[in-house]
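Everything below concerns the one structure shown next.
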Amino acid sequence: MRPDISEFSYGYALTEELIHWHGTELTAAPFFPSLYQEGQEGGGYDLMLERPGMLLFLQFKLSDCMVRNTAREVKDGIFSAPCYRMHIRPARHSQQHEMLLKLENDGNEVYYCHHDGGSGLAFTYSRPSVLRLPDCAAHCRVVQTAMTGDFSKGIL
C-alpha cells in the first residue's frame, strides 16, 4: 500500500506533534533547509530542531506497507506480511545517508523518521548508523516487520 500523504505533509504534521503534543523544548524556530541546502555539506536532513544542549536532525521518509505474500521480502522468506519498505538513494547518486552519518558521528541526535503508510501520524525512527546499506543501483530498500523503530533486522 502506498502512503496517502506527501512527505512534506507528513514532515509538517510530525514536527507539529513533536513540538506541541510532546512538548519538545526549543531554543530556536524549527529549521527546514531548502533542497539546495539539504544537499550541501552539513546537510542531509529535512528538519533541525534546536533544543537546549542538543540538536535534533530528522530525515522524513514515506514507506510502503507490503501486505501481500507476493512482496519480494515475503517471497524470499525474510519477513512475513505486513512489512514496511523505505527507499534510500545509494551513495553514487546522493550523499544524504553519509551526511546523516557524519551529523550523528559528531554527537547529534539524528534519525530517519518514516510514516507507516496509513492515514494517521504513526511513525517509526532509526539512527542512520543502524542501517547497513548494500551497494545498489537505483535505490536501496530498507525493510522492517513492525513499527518498532528498529530497522536493523532487514536491509535488502
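The values are calculated or read from the model by the stated rules, or taken from the named source; none is laboratory data. Being a predicted model, the structure only gives us computed values, none of them experimental. In this analysis, Cβ positions are derived from the backbone assuming ideal geometry, glycine residues included, and neighbour counts consider all displayed protein chains. Just the protein is used for accessible areas: all its heavy atoms, side chains included, with ligands, DNA and RNA removed. Shrake-Rupley method; radii C 1.70, N 1.55, O 1.52, S 1.80 Å.
Computed values, structure above
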read-out: Pairwise Cα inverse-distance average, inverted: Kirkwood Rh of region 1-82 (Å); value: 15.1 Å
read-out: Amide H partners (placed H, <5 Å) of I78, local residues excluded; value: none
read-out: In order through region 25-30: 3J(HN,Hα) via Karplus (6.51 cos²θ - 1.76 cosθ + 1.60), integer Hz, x for Gly, Pro; value: 6, 10, 9, 7, 5, x
read-out: Potential extension, Y12-E41 segment - 0.36 nm per residue separation minus Cα distance; value: 8.1 nm
read-out: E16 - accessible surface, heavy atoms, 1.4 Å probe, Å² rounded to 10; value: 70 Å²
read-out: Most to least accessible of T24, T15, T70 (protein chains only, probe 1.4 Å); value: T70, T24, T15
read-out: Solvent-accessible ranking of Y111, Y12, largest area first, probe 1.4 Å; value: Y12, Y111
read-out: Ranked order, K75, K61 - accessible area, probe 1.4 Å, largest first; value: K75, K61
read-out: Using θ = phi - 60° and Karplus 6.51 cos²θ - 1.76 cosθ + 1.60, couplings along region 62-70 (whole Hz; Gly, Pro as x); value: 8, 10, 9, 8, 8, 9, 9, 6, 8
read-out: For S34, solvent-accessible area (1.4 Å; no DNA, RNA or ligand), Å²; value: 50 Å²
read-out: Calculated from backbone phi, Karplus (6.51, -1.76, 1.60) coupling profile of region 96-105 in Hz, x at Gly/Pro; value: 3, 4, 5, 5, 5, 4, 5, 4, 5, 5
read-out: Spacing of the two label points (7 Å from each Cα toward its C-beta) at R72 and W21, in nm; value: 3.3 nm
